[in-house]
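This report concerns only the one structure given below.
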Ligand code: ARG
Ligand code: ZN
């Protein structure tokens, strides 16, 4: 008998433990101290795991040392963010590389990796509204990412250095972050490279020092930036500086770099035209949104396209021509200052930047925008799908997003007239300056701006036929 009696309290004790734990948990919830993990993705229609929930990044301070000989990056990221919920853990996007340590507000934090998700569990939970700083020490050979559409992004080693470009998802190959375009933040990027090389990023050069065979350059980008627009360029570069007025009260410093192996008379002449192109664009699009400007021109290598990296777009020499320069500079207003809410809204970038090329041709080459429209209309590649609804991730940079996106704007111009159209071109990036906006935000903005002078059914036709319609209308008239 005794053993049976003796066994009783033991069994009771075993059962009591989970009950007590559940009671503690309930008590915790009722006073609001029990946080939950932030979401591992922001449910972008094409990249559901891209970005992370539960916090909002304010500032990235990235400190990167790169050795082109070994391809190795030794880095520290200090990420300042505000919790948007009570957080027990949160994720950052990071692809490849090795995380050496993580700390939140100076206290070591547990971390775990699964695919491109890095989960950080701070020692203390973070209350909603708290601003906290995460420090990650990481290193390794950063990867070049091949996109869904086959193009290369992420970290691209070049003949004498490297180029970092991140549209749509490549920035996670070189720094941990909230890599969805909807979480914009300011940046300070400190780059250390072997002396003799230059290291360039977005914004303004704050300082540059050489000691012990290494050069350290500090770059500051004070206006909010989506992470896909962050860039690093390391190599042997010639620097060209100047200023642009670009519709602002004070001159904007223009700093461009060009790989001497890519430089020729035509490239030099193009770089010299940046101020006048920005002046012309500011007349049409409103004051230039940023406090720095310029360009990065490299040989190219694996980079087959130009990218509108903020303040300082990147061009392979093979894609550095007048139209592409006009296109990437126009993105500073459309894409960089007003940024898509999700990757479905990509036509708000590419349709506008393509339309900027049409406007340039109209003003400087005697080619009316309607002629560019007719040419785009005749091109079958533009009719694969409606610009506001690419079928899959691999299509977000396809022809309809560019050509048919620009056609939407030409149709809009015909419908509302030049005065209202140019008011929209200026007003749209002004209303959403440094923010994010969706296609619905755009159509609502146009309807509000057009007001009663334009029949709603005429605007509906632009949206239904040109923006969302399947297939090609019978004629350019609709
Ligand atoms: N946004 C760039 C431009 O049109 C092109 C980026 C292409 N990227 C890609 N993954 N296909 O200026
Ligand atoms: Zn573009």
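The values are calculated or read from the model by the stated rules, or taken from the named source; none is laboratory data. This is a predicted model, so every value here is computed, not measured. In this analysis, Cβ positions are derived from the backbone assuming ideal geometry, glycine residues included, and neighbour counts consider all displayed protein chains.
Yes/no matrix, rows are residues, columns are (1) within 30 Å of residue 473 (Cβ to Cβ); (2) within 16 Å of ligand 2 (Cβ to nearest atom):
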{"residue": "285", "(1), (2)": "yes, yes"}
{"residue": "311", "(1), (2)": "no, yes"}
{"residue": "331", "(1), (2)": "yes, yes"}
{"residue": "335", "(1), (2)": "yes, yes"}
{"residue": "350", "(1), (2)": "yes, yes"}
{"residue": "359", "(1), (2)": "yes, yes"}
{"residue": "362", "(1), (2)": "yes, no"}
{"residue": "371", "(1), (2)": "yes, no"}
{"residue": "378", "(1), (2)": "yes, no"}
Original post:
Hey, residue 301 hits all of (1) more than 16 Å from ligand 2 (Cβ to nearest atom); (2) within 27 Å of residue 197 (Cα to Cα); (3) at pLDDT 95 or above but one; which does it fall short on?
Top reply: (3)
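Step by step: first the residues of region 138-147, then only those that are more than 8 Å from ligand 1 (Cβ to nearest atom) and closer than 21 Å to residue 397 by Cα, then the one that is surrounded by the most Cβ atoms within 10 Å (Cβ to Cβ). Which residue is that?
Just the residues of region 138-147 that are more than 8 Å from ligand 1 (Cβ to nearest atom), to begin with: 138-146.
Add one more test, that the residue is closer than 21 Å to residue 397 by Cα, and what stays is 144-146.
On the way: 144: 19, 145: 22, 146: 13.
If we take residues in region 138-147 being more than 8 Å from ligand 1 (Cβ to nearest atom) and closer than 21 Å to residue 397 by Cα, then 145 is surrounded by the most Cβ atoms within 10 Å (Cβ to Cβ).
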**OP:** Looking at (1) without any contact (Cβ under 8 Å) to a residue 60 or more places away in the chain; (2) farther than 20 Å from residue 252 by Cβ, find the lone condition where residue 302 falls short.
**Re:** (1)
Subject >> Qualifying residue in region 46-55 (condition: under 16 Å from residue 134 (Cα atoms), at pLDDT 95 or above and surrounded by fewer than 19 Cβ atoms within 10 Å (Cβ to Cβ)) >> reply: no
Original post:
Could you list, in sequence order, the residues of region 68-103 that are under 25 Å from the mean Cα position of the chain (by Cα), assigned to a strand (DSSP E or B) and over 20 Å from residue 190 (Cα atoms)?
Top reply: 82, 83, 89, 90, 91, 92, 93
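Which residue out of 181, 142 is modelled with pLDDT of 95 or more, within 16 Å of ligand 2 (Cβ to nearest atom), touching a strand residue (DSSP E or B) at 6+ places or on another chain (Cβ under 9 Å) and in a loop (DSSP other than H, G, I, E, B)?
The match here is 181.
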Subject >> strands (runs of 3 or more DSSP E) wholly inside region 218-328 that include at least 3 residues being within 16 Å of ligand 1 (Cβ to nearest atom) and within 29 Å of residue 177 (Cα to Cα) >> reply: 296-298, 314-316
Subject >> Residue pairs meeting the criteria (Cβ under 7 Å; at least 6 apart or on separate chains; first more than 11 Å from residue 356 (Cβ to Cβ), in region 314-328; second away from ligand 2 (no atom under 12 Å from the Cβ) and assigned to a helix (DSSP H, G or I)) >> reply: 317/267; 320/267; 320/270; 322/270
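Condition check ((1) assigned to a helix (DSSP H, G or I); (2) under 24 Å from residue 169 (Cβ atoms)) across all residues:
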| site | (1), (2) |
| --- | --- |
| 362 | yes, no |
| 377 | yes, no |
| 382 | yes, no |
| 389 | no, yes |
| 394 | yes, yes |
Original post:
Hey, residue 171 hits all of (1) assigned to a strand (DSSP E or B); (2) more than 16 Å from ligand 2 (Cβ to nearest atom); (3) in contact with a helix residue (DSSP H, G or I) (Cβ under 7 Å, 6 or more places away or on another chain) but one; which does it fall short on?
Top reply: (1)
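In this structure, does residue 315 turn out to be touching a strand residue (DSSP E or B) at 6+ places or on another chain (Cβ under 9 Å) and within 15 Å of ligand 2 (Cβ to nearest atom)?
Values: touching a strand residue (DSSP E or B) at 6+ places or on another chain (Cβ under 9 Å): yes; within 15 Å of ligand 2 (Cβ to nearest atom): yes.
In short, yes.
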Original post:
So which residues in region 145-168 are closer than 19 Å to residue 235 by Cα, within 16 Å of ligand 2 (Cβ to nearest atom) and either modelled with pLDDT under 95 or touching a helix residue (DSSP H, G or I) at 6+ places or on another chain (Cβ under 6 Å) (or both)?
Top reply: 153, 166
